[in-house]
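What follows is a set of notes on a single structure, which appears directly below.
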Amino acid sequence: MIIKRNLFDKDNSYYSVVTVGTYDGVHVGHRKIIDKLVANAKANDLKSTILTFFPHPRMVLQQASDLKLLNTLEEKISILKETGLDVLIIHPFTKEFSRLTAEEYVKDVLVDSISAKKVIIGYDHRFGRNRTATIDDLIKFGEKYDFEVEQISVEEVDEVSVSSTKIRKALEEGDVSTANTFLGYPYMLTGTITKGKGLGKQIDFPTANIHIKEKYKLIPKKGVYIVKSNLNGIEVFGMMNIGYNPTVNGEKKTIEVHFFDFNEDLYDKEVRVDLLQRLRNEQKFDSIDELKKQLLKDKEASLAFVEKYYAK
């Protein structure tokens, strides 16, 4: 997969079939569009191309927006690499770019920069300054500039009935199972392991503290989760707590993972944690002993889940 970080770094050595969108989450609905895109490109000897934007347009146009995203940019790239896509263009979204007229957008972007021969787009797609142009306008521009427009019908969209908004809501409510079903893969958190206070080690539950630098990344509801990671080439399961550690009067929100049967040093390494299931809410216990008893129960429940769903 070719990755371009600027739309106007032109390469006219090939023609494209293109779709445009933020593709946050790259969920099962997005996959349906991408599969159609890739198949169409192969059948017509074109390059399958996605044009997406970073930052997310709402973050630029709505300054007060507290929008949280399902993927960091690098996570999105990693997921899209597995789809068979030929070209991913990640264009910096600015207010200036948003002011392109509909025809400027079509001619400068779709035709001159991406060499589009076909555009596959949703029935409700809007574009150009103030998003005033519609799919009907795009079809007319296609006739003028010699590209075909294929519309994804309302029936196809409704059939999937998935949206990034629904997934965000599920995660904010702690409903990882629904989120994962909509995504088509386990929700992931990617960050660097940092040193904590070492309290877990004192009760035989050492934890790895995960620092996520991207402030826009959506962190699910506080609580305890069953997780999976690939550490040094080994599939490792564990349990993760998102919260404030109220039993020991924690003052800031942390993400801590206790990996089962894994004792190697992970400090300063980047790890990806896949969330499989939510176990419970975060609780404040009367003593450290009570906390440890609960952690043993959590571990037992986690291992039972792993054995049932991930047994090899």
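The values are calculated or read from the model by the stated rules, or taken from the named source; none is laboratory data. Worth saying up front: this structure is predicted, and the values here are computed from it rather than measured. For neighbour counting, all protein chains shown are included, and Cβ atoms are generated from backbone atoms with ideal geometry for every residue, glycine included.
Brief remarks on what is shown
- Where D124 falls short, out of the listed (1) modelled with pLDDT of 90 or more; (2) of a type outside the set (S, T, Y); (3) under 18 Å from I33 (Cα atoms): (1)
- Of the numbered criteria (1) surrounded by fewer than 17 Cβ atoms within 10 Å (Cβ to Cβ); (2) assigned to a strand (DSSP E or B), the one L189 fails is (1).
- Filtering segment 1-19 to residues that are closer than 8 Å to H91 by Cβ and at pLDDT 95 or above leaves nothing.
- Condition check for L231: surrounded by 13 or more Cβ atoms within 10 Å (Cβ to Cβ), out of contact with any Gly (no Cβ under 9 Å at 6 or more places or on another chain), within 30 Å of P55 (Cβ to Cβ) and touching a residue at least 40 places away in the same chain (Cβ under 8 Å): no
- Unmet requirement for A304, which otherwise passes all of (1) part of a helix (DSSP H, G or I); (2) surrounded by fewer than 11 Cβ atoms within 10 Å (Cβ to Cβ): (2)
- Applying the condition of being at pLDDT below 95 and of a type outside the set (A, V, I, L, M, F, W, C) to segment 45-59 and asking which residue is farthest from L110 (Cα to Cα) yields R58.
- Of the residues making up segment 201-217, those that are crowded, with 19+ Cβ neighbours inside 10 Å and not polar (S, T, N, Q) are A208, I210.
- Those residues of segment 93-130 which are of a type in the set (A, V, I, L, M), touching a helix residue (DSSP H, G or I) at 6+ places or on another chain (Cβ under 7 Å) and touching a residue at least 60 places away in the same chain (Cβ under 8 Å), in sequence order: A116, V119, I120, I121
- In segment 107-116, the residues that are in contact with a strand residue (DSSP E or B) (Cβ under 9 Å, 6 or more places away or on another chain) and either assigned to a helix (DSSP H, G or I) or surrounded by fewer than 20 Cβ atoms within 10 Å (Cβ to Cβ) (or both): V109, L110, S113, S115
- One residue from K252, K269 being surrounded by fewer than 18 Cβ atoms within 10 Å (Cβ to Cβ), under 17 Å from N209 (Cβ atoms) and within 23 Å of the chain's Cα centre (by Cα): K269
- Within segment 45-78, the set of residues being in contact (Cβ under 8 Å) with a residue 12 or more places away in the chain, surrounded by fewer than 20 Cβ atoms within 10 Å (Cβ to Cβ) and hydrophobic (A, V, I, L, M, F, W, C) comprises F54, M59, V60, L61, L67, L73, I77.
- Pair list, Cβ under 6 Å, 6 or more apart: segment 131-150 residue within 18 Å of D112 (Cβ to Cβ), other residue assigned to a helix (DSSP H, G or I) and β-branched (V, I, T): F141/V106; Y145/V111; V149/I139
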